[in-house]
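Here the structure comes first, spelled out in structure tokens, and everything after it is commentary.
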Amino acid sequence: MADSFFVGKRVLVTGGGRGIGKGIVLRLQELGATVFALTVSDSSFAELQNIPGIHALQVELSDWDATRAAVTSVLPIDLLVNNAGIFIGEPFLRTTQESFDSIMTVNVKSILNISQVVAQSLIDRKCDHGSIVNLSSVASKIALKDHTAYCTSKAALDGLTRSMALELGEHKIRVNSLNPTVILTDMGRQGWSDVAKAGPLLQRIPLHRFGEVDECVNAVVFLLSDQSRFISGAHIPLDGGLLAT
């Protein structure tokens, strides 16, 4: 069972201070895992420190060496969720070098960095149940207006996911991505409350609604667990059928 699978496991979740990441952290803690939640926010760090069974780490993911040191400090890690990501909305012709570099650094480069540290430790330990889940997006598959850098970063993340799955498979480490559409976190509800903005996208989704945080959490738990032990290198859409249209 997935529930008993997590008892005693050590799990690292990036972007664990709010939204989807916080939901993943709390669920894994409920399932008996020892959870290390990485966040950059002072307020999230303070809040996470007060939850039993959760160990908060604070680091800026754009700092390669500091991130590497933070992850190394909590090894061994059995399971990894690369959830952290940023969004800067700019149209193609006005996408700046600074915003493009920032998005690629956090959404792709930091995942390479963190995953290298965790995967090498799993290999050294000869662990036979390693699983890494990368939070991607349907934006890796479809173009969205004013999302040039973001779409590019998520497409790159899907490519990274496949490469990781190919090279880490021989070490019994599975790597998959979860590709959601809009998920109704507090920020998501605020950002998509405008009917004029949300309506056109909802019309493209066969289920005619956006996703809930617990639906995203459930999918991550499945991909981490041994219930998905023959799934690797996959990009799992969580989109209400959007990519089918």
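Filter the stretch 146-162 for residues that are touching a helix residue (DSSP H, G or I) at 6+ places or on another chain (Cβ under 7 Å) and assigned to a helix (DSSP H, G or I) and give the result.
Thr148, Ala149, Tyr150, Cys151, Ser153, Lys154, Ala155, Ala156, Leu157, Asp158, Leu160 - these are the residues of the stretch 146-162 that are touching a helix residue (DSSP H, G or I) at 6+ places or on another chain (Cβ under 7 Å) and assigned to a helix (DSSP H, G or I).
Of the numbered conditions (1) of a type outside the set (Lys, Arg); (2) touching a Ser or Thr at 6+ places or on another chain (Cβ under 8 Å); (3) under 18 Å from Lys172 (Cα atoms); (4) not in a helix (DSSP H, G or I), Leu223 fails exactly one; give the number of that condition.
Going through (1) of a type outside the set (Lys, Arg); (2) touching a Ser or Thr at 6+ places or on another chain (Cβ under 8 Å); (3) under 18 Å from Lys172 (Cα atoms); (4) not in a helix (DSSP H, G or I) one by one, Leu223 breaks only (4).
Being surrounded by fewer than 15 Cβ atoms within 10 Å (Cβ to Cβ) and β-branched (Val, Ile, Thr) is the requirement here; does Val213 meet it?
no
For the stretch 18-31, indicate whether the set of residues that are surrounded by fewer than 23 Cβ atoms within 10 Å (Cβ to Cβ), more than 26 Å from Gln227 (Cα to Cα), at pLDDT 95 or above and touching a helix residue (DSSP H, G or I) at 6+ places or on another chain (Cβ under 8 Å) is non-empty.
No, the conditions are met nowhere in the stretch 18-31.
Search the stretch 105-141 for residues being surrounded by fewer than 17 Cβ atoms within 10 Å (Cβ to Cβ) and modelled with pLDDT of 95 or more, and hand back the single one that is nearest to Ile88 (Cα to Cα).
Per the criteria, the residue is Leu112.
Looking at the stretch 26-43, I want the residues that are of a type in the set (Val, Ile, Thr) and have a partner that is modelled with pLDDT under 95 and not in a strand (DSSP E or B) with Cβ atoms under 7 Å, at least 6 apart or on another chain. Which pairs are those?
Filtered contacts from the stretch 26-43: Thr34/Gly53; Val35/Gly53; Thr39/Gly17; Thr39/Phe45; Thr39/Leu48.
Tell me which residues, restricted to the stretch 168-187, are small (Gly, Ala, Ser) and either under 20 Å from Phe87 (Cα atoms) or assigned to a strand (DSSP E or B) (or both).
Passing the criteria: only Ser177.
Identify, from the list Val195, Val182, the residue that is buried (at least 18 other Cβ atoms within 10 Å of the Cβ), at negative phi and not aromatic (Phe, Trp, Tyr).
Val182
Scan the stretch 226-241 for residues that are within 13 Å of the chain's Cα centre (by Cα) and assigned to a helix (DSSP H, G or I) and jot them down.
Once the filter is applied, which keeps residues that are within 13 Å of the chain's Cα centre (by Cα) and assigned to a helix (DSSP H, G or I), the stretch 226-241 yields nothing.
Which residues, counting only those in the stretch 171-190, are more than 14 Å from Arg18 (Cα to Cα) and either in contact with a Cys (Cβ under 6 Å, 6 or more places away or on another chain) or not polar (S, T, N, Q) (or both)?
Those that are more than 14 Å from Arg18 (Cα to Cα) and either in contact with a Cys (Cβ under 6 Å, 6 or more places away or on another chain) or not polar (S, T, N, Q) (or both): His171, Lys172, Ile173, Arg174, Val175, Leu178, Pro180, Val182.
With the requirement that a residue be surrounded by fewer than 18 Cβ atoms within 10 Å (Cβ to Cβ) and of a type in the set (Ser, Thr, Tyr), what does the stretch 68-98 give you?
Once the filter is applied, which keeps residues that are surrounded by fewer than 18 Cβ atoms within 10 Å (Cβ to Cβ) and of a type in the set (Ser, Thr, Tyr), the stretch 68-98 yields Thr72, Ser73, Thr96.
If you go through the stretch 59-100 one residue at a time, how many are in a loop (DSSP other than H, G, I, E, B), touching a Lys or Arg at 6+ places or on another chain (Cβ under 9 Å) and within 21 Å of Leu178 (Cβ to Cβ)?
So the count comes out to 4.
Looking at the structure I just gave you, is His208 of a type outside the set (A, V, I, L, M), in contact (Cβ under 8 Å) with a residue 24 or more places away in the chain and loosely packed, with under 13 Cβ neighbours inside 10 Å?
Yes: the conditions hold for His208.
Quick check: is even one residue across the stretch 42-54 assigned to a loop (DSSP other than H, G, I, E, B), polar (S, T, N, Q) and crowded, with 21+ Cβ neighbours inside 10 Å?
no
Given the options Ala165, Ala119, Ala143, name the one that is among the small types (Gly, Ala, Ser), part of a helix (DSSP H, G or I) and either touching a helix residue (DSSP H, G or I) at 6+ places or on another chain (Cβ under 6 Å) or free of Cβ contacts under 8 Å to residues at least 40 places away in the same chain (or both).
It is Ala119.
Does any residue of the stretch 218-227 turn out to be among the aromatic types (Phe, Trp, Tyr) and surrounded by fewer than 20 Cβ atoms within 10 Å (Cβ to Cβ)?
yes
The values are calculated or read from the model by the stated rules, or taken from the named source; none is laboratory data. Note that this is a predicted model, so its numbers are computed, not measured. Here the Cβ is made from the backbone with ideal geometry for all residues, glycine too, and neighbour counts use every protein chain on show.
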